[in-house]
1. In the structure shown, do any of 124/228; 112/155; 81/187; 155/228 have a Cα-Cα gap over 31 Å, and if so which?
2. Taking neighbour Cβ counts within 10 Å as the exposure measure, how do 63, 78 sort from fewest upward?
3. Report the convex hull volume per residue for the stretch 108-207, counting only C-alpha atoms, in Å³.
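Any read-out appearing in this document is the output of simple, stated calculations on the displayed coordinates, not a laboratory observation. Please read these numbers as outputs of a predicted model, since none were measured by experiment. Ideal geometry is used to build each Cβ from the backbone, glycine not excepted, and the neighbour counts take in all protein chains shown.
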Amino acid sequence: MIFSEAPHLCEGVPVLTVAGVVSRECLAKHNVDALPYVVQKIDGFLDTISGPGAMMRACNQGFSVRILAYIASRDTTFNWKDAAVSAAEGGHVHALEWLSTNYAGYCEWGTKVMDAAARYGHLKAVQWLHECRQEGCATDAMDWAIRRGDVSMAKWLQANRTEGCSDFAMNYAAIGGHLDVLQWLTKNRIEGRPGLALRTAAQHGHLNVVQWLYTDARRQRLALDDAKRFNHTAVAAWLHQQQSQSRRLHKVLVDGMKWICHSLQMPAAAKADDIRTQKTTIYTVQ
């Protein structure tokens, strides 16, 4: 037993069992009954659970409902505005249930509670909040899931919530090199900035993500600069190779278009010889 169930010892406030035992055993030797104020003093000296910030710590660490009730009985300030967020960060559904049932008015709920649960990957806590509370979440919930590479969380939010994600979601996925998340985003969401995600992937050295996102010529040059600046040589080498190939192909295409335009204006007798010459040139470049 963590604390005594004999409230008469301390005017209704539960005390640590050890405080009651120490007081009773020591005083009994002198034929003195356990005195409430003595129990209180011993209890206060031995108590390492309650005190400033105790409720937030208890909710975050998932202490039992019994200990939560003990802390609540001793905390007369009720300064628990972040208790629900603390419980959500730890993914402790029992603490969320207890707070919602007994002390809902002492906590700040709001969207940040579900956001916190999603941020730390606690799907059961997110589901409980979805079913039992009305506050919902913000785009931060899916953004955090994406940043963590948590596709399961993102899929659940997509299927059950309507908030979606922010325009920076692809960028968050690129930071962690989460290619599977990026691929899921492009198929299931309309938000995103592929060019920015390409640069971010280059900055963090995620070659597989860079290869998959490599489409925008202007961003390609910036991505190459970023890869060099952050000393990601493999990424820089690949980007340089791709740009060189693109430039060669571009030259061939331009030359081909020039030849086509020129040949349309040539006399018929001269076209055959020029066609053979231009074809030889194109094949040589390739």
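1. On the way: 124/228 43 Å; 112/155 19 Å; 81/187 39 Å; 155/228 35 Å.
The answer is 124/228; 81/187; 155/228.
2. Values: 63 22, 78 13.
Listed from fewest to most nearby Cβ atoms, that is 78, 63.
3. Values: hull volume 8.5 nm³, N = 100.
With only Cα atoms used, the stretch 108-207 gives 85 Å³ per residue.
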